[in-house]
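Below is one structure; the comments refer to it alone.
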């Protein structure tokens with residue numbers, strides 16, 4: 001059973017999303033400082049984490065937004081999928097996109113214990129660092145980023 005108190009913070013998330021293929025041991029160990037001690041659920045299932053995207057430069061975020069506007073036909077529709085440079089949690093280093101249904105499923109049920117929350121219903125792969133979730137649980141999800149008041 002996991003007994004060490006979770007340790008979260010921007011530095012921990014940046015380490016966890018360095019673009020490497022990580023196992024649950026590495027991700028949980030980095031985020032919690034628990035020396036690889038996993039909650040029973042992750043270790044029992046051998047959940048592997050692949051980080052698809054983590055921190056993004058302002059240049060990359062701006063390019064992704066331009067591409068989304070071209071693809072979806074309007075800034076309003078693109079905003080459902082891609083945040084602006086000034087509002088993106090990827091640019092601030094507070095978001096990670098996880099690849100793999102097992103990892104996403106595990107984080108969906110267990111991420112709050114580590115301060116990692118799925119924020120948008122339309123992006124099940126997108127998790128953000130929310131340290132308060134360790135004590136309070138994850139906040140309610142928005143349908144998509146266009147409903148998130150931080151994006152305004």
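What follows is calculated from the coordinates using simple rules that are stated; it is not laboratory data. The model shown is predicted, which means the values in this text are computed figures rather than measured ones.
Observations, loosely collected:
- Full extension of the segment from residue 80 to residue 67, taken as 0.36 nm per residue of separation minus the current Cα-Cα distance, would add 3.4 nm.
- Projected over all directions and averaged, the alpha-carbon convex hull of segment 89-152 occupies 4.2 nm².
- Counting DSSP beta bridges with both ends in segment 36-152, the antiparallel % (nearest 5): 90
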